[in-house]
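Visitor: Can you keep this structure in mind? I'll have questions shortly.
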Amino acid sequence: MRYLPLGFLLRAYAVALYCASWIVPDEEREEWLKEWKAELWHVVHKNAPSMQQITAAFVIGAFRDAYTLSVDLGRAGERRSYAFGSSPVRCLLFLLLLGLASVSVAFLLPGTRAALLPPPYQDARTLVIVSRDNSSHSFSPSVALGEFRYWQRAAQGVFSDLAFYQIIQKQVHAGRGATVKLSIARASDNLLDVMQTSSFSTTALVQIEKSTSRLILSDATWRKYFHADPQIIGRVVFVMGKKVTVAGIATPDAWRLPGKADALLLEDAAGIDALSADSMGYVVARMQSFLTKDASQNRWHMTVPNKNGGVDGFACTSVRQYAREPFISFAFAALLALLALPATTSLPLGEYPFNPRQQPLSLRLRRWVFFATKLLLILFVVCFASLDVAQLFAPAQTADLQCVQMIVAFAATLAALRWTLRDQRRRCPVCLQVLRHPVRVGQPSRNFLAWNGTELICVVGHGFLHVPELPTSWFSTQRWLYLDASWKSIFRPPEIVRTI
């Protein structure tokens, strides 16, 4: 067998090892290349008879080692770079970015955006939704048309004006064979006067007589089903087999009342009178000015005699208060999650002995400020995220929306609180870095004779955290052990740890 010159082989193998070193991450490249060259010299001089085969196998092995090292360090680097909250600053910045993202999504969704913007009605505090006492926090209709007619005659001392509407699902025939099914707010013709808003008013709307049934399309419906045709205003369409004139296009987010409305149908007197007295719907009213002098009041109560000789209670809730309902629902769901938290996880953060040299007052305050800030940010994220998810799965201003939001908010808040406690327990009380390098210590069979559990360490050298595998009477929760200055020499400096 013919062998190549030794000098040529050494140069070729050195080039191959240099190429292998480029697979290794930058911070380890120089060290590994030096080690490979040293081993190459050893292989060449100690295995002269079969030098070529062994050296070739060594070089191939170097490529395998470089690839394995690259994968392992890459995964570790990925965990260091993307681990949720590996450093306190990164944790808070990540939560802040999540919060900004959830708010941005909220402004992109029409229903959620409406909850964040002020109502487009003049003096929205005096514009109220009248509902039965047990339905005041629900978006479901609770007032019969007969009761509305009675209030029109007998409640002038409470309301300056009031209107009735109900949500119906009907086909709209736009001509030329085009038919779309819309969610329509069928209302008395004075609804816009009661609302006192310019969001629905157009030139065509003013020109059409109130004795004619008028249809006002929402901006989204106009663009989706009528292709944003500006000539649609004044056109006659058929709703429930009846001719209706398209009177205008509402501005985006103009509808802030309960119930999803793709269009608003303002019925003439004959259309409303044709409804049964038992037809359920919503009542919108303007409170008398002398009843709304207290600027902080957004809810009123009234009692009305019923046909059985008793009285019925009704809540008059301001539209401005209705805009806050999603946040009130979240607060209620968060309270339920807080009450359920002790049943799902332990609340103590662990035993941290007082050490004034290792942890002065400023560091202890910083730890609790970090915990409180993290908690507030994550609740902020969950609040808007629950609104976003609810809008994706349920129509705006409906009972389904409220139900979905509360379920999502409860589950997400409970998970967020559990994570917040778990994350705080796994942080160094001095530098607030996430503790690393978990090591199993002890034997399960000796829980009552010796310590058994997991030990984590602060990479800066502030101390150890002992987490028991099985809580016992003498070691019921995790404990922190401070390290003195004699340990500092074996730990990396803080500035190096922060760059990892």
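The values are calculated or read from the model by the stated rules, or taken from the named source; none is laboratory data. If you're wondering where the values come from, they're calculated on a predicted model, not measured in any experiment. FYI the Cβ positions are ideal-geometry reconstructions off the backbone, even for glycines, and counts take in every protein chain you see. Keep in mind that these areas ignore ligands, DNA and RNA; they rest on the heavy atoms of the full protein, side chains included. Shrake-Rupley method; radii C 1.70, N 1.55, O 1.52, S 1.80 Å.
Visitor: Which value, in Å² and to the nearest 10, is the accessible area of Leu215 when all protein chains are kept and the probe is 1.4 Å?
Guide: Accessible area, nearest 10 Å²: 0 Å².
Visitor: Which value in nm describes the separation of the simple spin-label points at Ser476 and Ile60, placed 7 Å from the Cα toward the beta carbon?
Guide: With each label placed 7 Å out from Cα toward Cβ, I get 6.2 nm.
Visitor: Can you compute the modelled spin-label distance between Val89 and Thr373, with each label point 7 Å from Cα toward Cβ, in nm?
Guide: Taking the two extended label points, one gets 1.1 nm.
Visitor: Taking a ≥ b ≥ c as the square roots of the eigenvalues of the Cα gyration tensor of the stretch 90-171, is the shape rounded (a/c under 1.5), prolate (a/b larger than b/c) or oblate?
Guide: It comes out prolate by the Cα gyration axes.
Visitor: Please compute the per residue accessible area over the stretch 127-322 with all protein chains in place, 1.4 Å probe, rounded to a whole number of Å².
Guide: Value returned for the stretch 127-322: 45 Å² of accessible area per residue.
Visitor: Putting +1 on Lys and Arg Cβ atoms and -1 on Asp and Glu Cβ atoms, find which of Gln171, Ser213, Gln152 reaches farthest to the positive end of the dipole of the stretch 127-322.
Guide: Value: Gln171.
Visitor: Another question about this same structure. With the full set of protein chains in place, find how many percent of the accessible area of the stretch 127-322 is carbon and sulfur; take the probe as 1.4 Å.
Guide: Using a 1.4 Å probe with all protein chains present, the stretch 127-322 comes out at 51 percent carbon and sulfur.
Visitor: If r is the Cβ-Cβ distance from Ala220 to Thr344 and R0 is 35 Å, what FRET efficiency results, to the nearest 0.05?
Guide: Result of the calculation: an efficiency of 0.30.
Visitor: Excluding ligands and nucleic acids, what accessible area in Å² is computed for Cys383 using a 1.4 Å probe, to the nearest 10?
Guide: Looks like 10 Å² after rounding.
Visitor: Moving to a separate point now. What is the gain in length, in nm to one decimal, between Arg324 and Gln122 on full extension, counting 0.36 nm per residue of separation less the C-alpha to C-alpha distance?
Guide: Result: 71.0 nm gained on full extension.
Visitor: Tell me the net charge near Gln196. Cut-off is 14 Å between Cβ atoms, Gln196 excluded, with +1 for each Lys or Arg and -1 for each Asp or Glu.
Guide: +1
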